[in-house]
Ligand SMILES: Cc1cc2nc3c(=O)[nH]c(=O)nc-3n(C[C@H](O)[C@H](O)[C@H](O)COP(=O)(O)OP(=O)(O)OC[C@H]3O[C@@H](n4cnc5c(N)ncnc54)[C@H](O)[C@@H]3O)c2cc1C
């Protein structure tokens, strides 16, 4: 891995598009480090339509979009190292990463951080009650359904009514799962759904959105049986066999923890928050490439 001109951390839409633009502009050694076994980021496991408009002028399914970004990067001469996790940034251009052969230090001319965002976890959202395997984020559900062909539940409740909750519904439909309802905690999240979201969800999928809810508690012994919550000051309970925790994205910027943003690190895509579309993240990656090219 040695000493690339640019090391891009994260092989999602932002990282791949950034790397492609740099290589196309003549940068010789552009390395993308991606911790997963395949590059592509979130779209790789989001099997529904709706990806790519801003960057490619057409809509694709997530995996097709991810594959296209990867092909473009490789055709431009980018090296994509999968199964490669960046463990820390040690200083300007100096990064420690590990792959199946062990730990390596890389010294790069520039470092781009394109590590995306992650949905708020149950612990961060202070959701009380039972702990069972049928409680998961939208991203985990997508990986189970689209990558592993699993059906973890039949009648889940969706906690959250943000844009990504729509993706949770589409994923459920794909697997023959029928959500009971969406609980909107009405706190906006990072990506609050537009006003038409609740009526459209009810009309198109016959899934009710319950607004102004708070304090969800998951109930059940041995498995999820119901969720209790407060709505308009009263306690209610809905029977379900799983819980999808959706939205409230947080930038995945843990590599910057403790660093005063070392010089040479440029951020691109969802790591800059708030949540972008995949095409928007790719455009941000191209913008980061322009910034680097302008500096050199
Ligand atoms: C469930 C869900 C559904 C969505 N549906 C849509 C949709 O229908 N249409 C749409 O346009 N957008 C959708 N989005 C949004 C879109 O997928 C994201 O905005 C986009 O993927 C962001 O791109 P990114 O490159 O910034 O981050 P990501 O796609 O998250 O990619 C980041 C990459 O960095 C890697 N990484 C992280 N840390 C490290 C590390 N330390 N070392 C090495 N690699 C690392 C990760 O493995 C990942 O591959 C959805 C998002 C989610 C979560």
Linear extension gain, residue 90 paired with residue 5, 0.36 nm per residue minus alpha-carbon span: 28.9 nm
On Cα atoms only, tilt of 62-76 relative to the major axis of the chain in degrees: 0
Highest-MSF residue in the chain out of 108, 14, 25 [GNM, Cα springs under 10 Å]: 25
Cα gyration tensor category, rounded, prolate or oblate, for the chain with a/c compared to 1.5: prolate
Gaussian network model of the chain, springs between alpha carbon atoms under 10 Å - residue of 232, 99, 241 with greatest fluctuation: 232
Potential extension, residue 82-residue 206 segment - 0.36 nm per residue separation minus Cα distance: 40.6 nm
Crossing angle, helix 163-174 versus the chain [Cα axis fit, 0-90 degrees, rounded to tens]: 70
Value of [θ]222 nm, deg cm²/dmol, for the chain, DSSP H segments ≥ 4, -39500 (n - 2.57) each, nearest 500: -7500 deg cm²/dmol
Within segment 22-55: backbone nitrogen closer than 17 Å to the residue 150 label point (7 Å, Cα to C-beta): 37, 45-47
Length-normalised contact order of segment 9-59 in % [C-alpha pairs under 8 Å, at least 6 apart]: 36
Gaussian network model of the chain, Cα within-10 Å springs - most flexible of 235, 142, 74: 235
Label-point separation, residue 223 to residue 56 (7 Å along Cα→Cβ), nm: 4.0
Residue order, fewest to most surrounding Cβ atoms within 10 angstrom, among 184, 5: 5, 184
Label zone at residue 37 (point 7 Å along Cα-to-Cβ), backbone N below 15 Å, segment 96-113: 100
Sorted by Cβ density within 10 Å, fewest first, the residues 244, 169, 266: 266, 169, 244
Shape of segment 114-187, Cα gyration tensor, a/c cut at 1.5: rounded
Cα-based shape type of segment 120-248, given that a ≥ b ≥ c are square roots of the gyration tensor eigenvalues and the cut on a/c is 1.5: rounded
Degrees between helix 13-24 axis and first principal axis of the chain (Cα, 0 to 90, nearest 10): 20
Within segment 1-108, percent of DSSP bridges classed antiparallel, to nearest 5: 65
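Every number here is computed from the coordinates shown, using simple stated rules; none is lab data. The shown structure was predicted, so the numbers you read here are calculated from the model rather than taken from an experiment. No Cβ is skipped: glycine too gets one built from the backbone with ideal geometry, and neighbour counts run over all protein chains shown.
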